[in-house]
Amino acid sequence: DATPQNPETGAPESINIAITATFTAEPLEASLRFWMDKLGFSPNIAFAPYNQVFQQLLDPTSLLSNNQGGVSVVLVRVQDWDRSEDSGSANGGMGKSQSVSRAEIEKNVQDLIRALKSAAERLASPLMLCLCPSMTDGDGSQFLPFFRQMEDLIADELGDIDGLNIVTSSEAAATYPVSECHDSEGDKLGHIPYTTLFFTSLGTLIARKIHALRSSPYKVIVLDCDHTLWKGVCGEDGASGIEIDS
């Protein structure tokens with residue numbers, strides 16, 4: 001039984017989960033809490049103030065800095081650094097000042113890399129970085145390769161940092177595929193960029209990763225027993241085609 005428990009009381013293990021994001025991320029709480037309960041944890045889930053990723057990583061008094069004995073989750077959508085200041089929309093429209101906008105996004109990416117490296121060394125709890133998919137409407141689709149390039153840069157730069165676990169948008173898409181994950185209306189109204197179904201899959205993936213971090217792994221020994229414990233090749237001859245003699 002791999003269900004995590006308090007060794008003294010036998011009760012589900014209490015865990016603090018601190019979450020900060022570049023967008024409104026509270027809709028993922030329901031699925032995250034559901035699966036943490038199913039996995040035998042007693043989760044205490046707290047969200048940092050809206051769009052305060054850098055402050056949370058750098059401020060020694062922040063929610064993430066004060067998270068003891070838990071897991072801190074950082075949700076980043078690169079596209080959010082291209083939001084129009086006057087409209088609050090994120091439609092990939094880097095048209096009028098494309099070079100300036102790209103330079104600013106690249107600067108934010110480098111700042112994020114430095115902040116995460118520093119936080120991973122300083123914070124008491126392990127960090128999980130989730131790179132969430134960027135979506136654009138209409139003409140903005142031409143900028144998706146740039147956003148993905150920035151995601152790859154972040155993953156490459158931080159891949160070997162102790163205490164930091166990375167979930168890429170491609171891993172999320174492959175693990176729990178969602179046919180429609182972007183909610184353009186929710187993005188415009190409340191910077192809630194994803195559908196309920198995607199938030200559900202994201203919460204599920206985060207719960208799965210936390211379980212892997214906090215649970216003892218099974219140890220497995222794999223042996224090739226063909227021509228060792230029996231005569232024949234099981235993969236070719238089938239279970240009834242091998243011979244087990246004296």
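The values are calculated or read from the model by the stated rules, or taken from the named source; none is laboratory data. All values reported here derive from a predicted model rather than from experimental measurement. Here the Cβ positions follow ideal geometry from the backbone for every residue, glycine too, while neighbour counts run over all protein chains shown. Note: areas computed on protein heavy atoms with side chains; ligands, DNA, RNA excluded. Shrake-Rupley method; radii C 1.70, N 1.55, O 1.52, S 1.80 Å.
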*Tally time: how many residues in segment 11-51 are more than 17 Å from the chain's Cα centre (by Cα) and polar (S, T, N, Q)?*
3
*The one condition in (1) under 14 Å from the mean Cα position of the chain (by Cα); (2) under 26 Å from ASN67 (Cα atoms); (3) of a type outside the set (A, V, I, L, M) that GLU171 fails to fulfil*: (2)
*Would you check which residues across segment 229-246 are open to solvent by 100 Å² or more (accessible area, probe 1.4 Å) and either within 29 Å of PRO177 (Cα to Cα) or not in a helix (DSSP H, G or I) (or both) and list them?*
LEU229, LYS231, SER240, ILE244, SER246
*Residue check: is PHE47 modelled with pLDDT of 95 or more, farther than 20 Å from ARG114 by Cα, open to solvent by less than 10 Å² (accessible area, probe 1.4 Å) and not aliphatic (A, V, I, L, M)?*
no
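Matching residues to (1) under 24 Å from SER201 (Cβ atoms); (2) at pLDDT 95 or above:
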| position | (1), (2) |
| --- | --- |
| GLY40 | yes, no |
| VAL71 | yes, yes |
| VAL74 | yes, yes |
| SER84 | no, no |
| GLY93 | no, no |
| ARG102 | no, no |
*Enumerate the pairs (first residue in segment 101-128 and under 17 Å from ASN16 (Cβ atoms); second residue anywhere and part of a helix (DSSP H, G or I) and open to solvent by 10 Å² or more (accessible area, probe 1.4 Å)) with beta-carbon separation below 9 Å, excluding pairs fewer than 6 apart on the same chain, so at least 6 apart or on different chains.*
ALA119/GLN56; ALA119/LEU58; PRO126/ALA120; PRO126/LEU213; LEU127/ALA120; MET128/LYS209; MET128/LEU213
*Filter result (open to solvent by less than 30 Å² (accessible area, probe 1.4 Å) and not aromatic (Phe, Trp, Tyr)) within segment 25-44*: ALA25, LEU28, SER31, LEU32, MET36, GLY40, PRO43
_Suppose we filter segment 121-157 for residues that are crowded, with 17+ Cβ neighbours inside 10 Å, closer than 21 Å to ASN67 by Cβ, hydrophobic (A, V, I, L, M, F, W, C) and modelled with pLDDT under 95; how many remain?_
1
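With respect to LEU32, determine if the residue is more than 25 Å from VAL109 (Cβ to Cβ) and in contact with a Leu (Cβ under 9 Å, 6 or more places away or on another chain).
Values: more than 25 Å from VAL109 (Cβ to Cβ): yes; in contact with a Leu (Cβ under 9 Å, 6 or more places away or on another chain): yes.
So LEU32 passes the test.
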*Which residue pairs have Cβ atoms under 9 Å apart, sit 6 or more places apart or on different chains, and have a first residue in segment 201-225 that is open to solvent by 70 Å² or more (accessible area, probe 1.4 Å) and a second that is assigned to a helix (DSSP H, G or I)?*
ARG208/TRP35; ARG208/THR175
